[in-house]
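The block underneath contains the structure these notes are about, expressed in structure tokens.
The values are calculated or read from the model by the stated rules, or taken from the named source; none is laboratory data. Being a predicted model, the structure only gives us computed values, none of them experimental. Heads up, the Cβs are rebuilt from the backbone with ideal geometry, glycines too, and the neighbour counts pull from every protein chain shown. Accessible surface areas use protein heavy atoms only, side chains included; no ligands, DNA or RNA. Shrake-Rupley method; radii C 1.70, N 1.55, O 1.52, S 1.80 Å.
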Amino acid sequence: MEVIFNIVGGGEICLPKREIRGYYKDFLTGETKVQIGEGEYEVRESLTEIKYLMETRDESISGV
């Protein structure tokens, strides 16, 4: 299953869940960041939204 993130400043990233290494909120700046490969992107989604996207099962695989 692919997820789509809206990048701060414009644009979006669409990639499979398995490519996301992590996500966090920078406590100094308040920015939400998503780690992908060696890069890091500031995104508009909240931690709660990202957690939901990451935990949602892929219905085409699970057969549900």
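Test Arg18 against the criterion of being open to solvent by 50 Å² or more (accessible area, probe 1.4 Å) and at pLDDT below 95, and give yes or no. Yes; evaluated as a whole, the condition is true for this residue.
Listed here are the residues, each with its yes/no results for (1) at pLDDT below 95; (2) in a strand (DSSP E or B); (3) under 9 Å from the mean Cα position of the chain (by Cα).
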site	(1), (2), (3)
Val3	yes, yes, yes
Tyr23	no, yes, yes
Leu28	no, no, no
Glu42	no, yes, no
Glu49	no, no, yes
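Taking residues in the stretch 40-55 that are over 9 Å from Tyr23 (Cβ atoms) and touching a residue at least 40 places away in the same chain (Cβ under 8 Å), and partners anywhere that are open to solvent by less than 90 Å² (accessible area, probe 1.4 Å) and of a type outside the set (Val, Ile, Thr), not one pair has Cβ atoms closer than 7 Å while being at least 6 places apart or on different chains. Residue count for the stretch 23-52 satisfying the condition of being of a type in the set (Gly, Ala, Ser) and on the phi < 0 side of the Ramachandran plot: 2.
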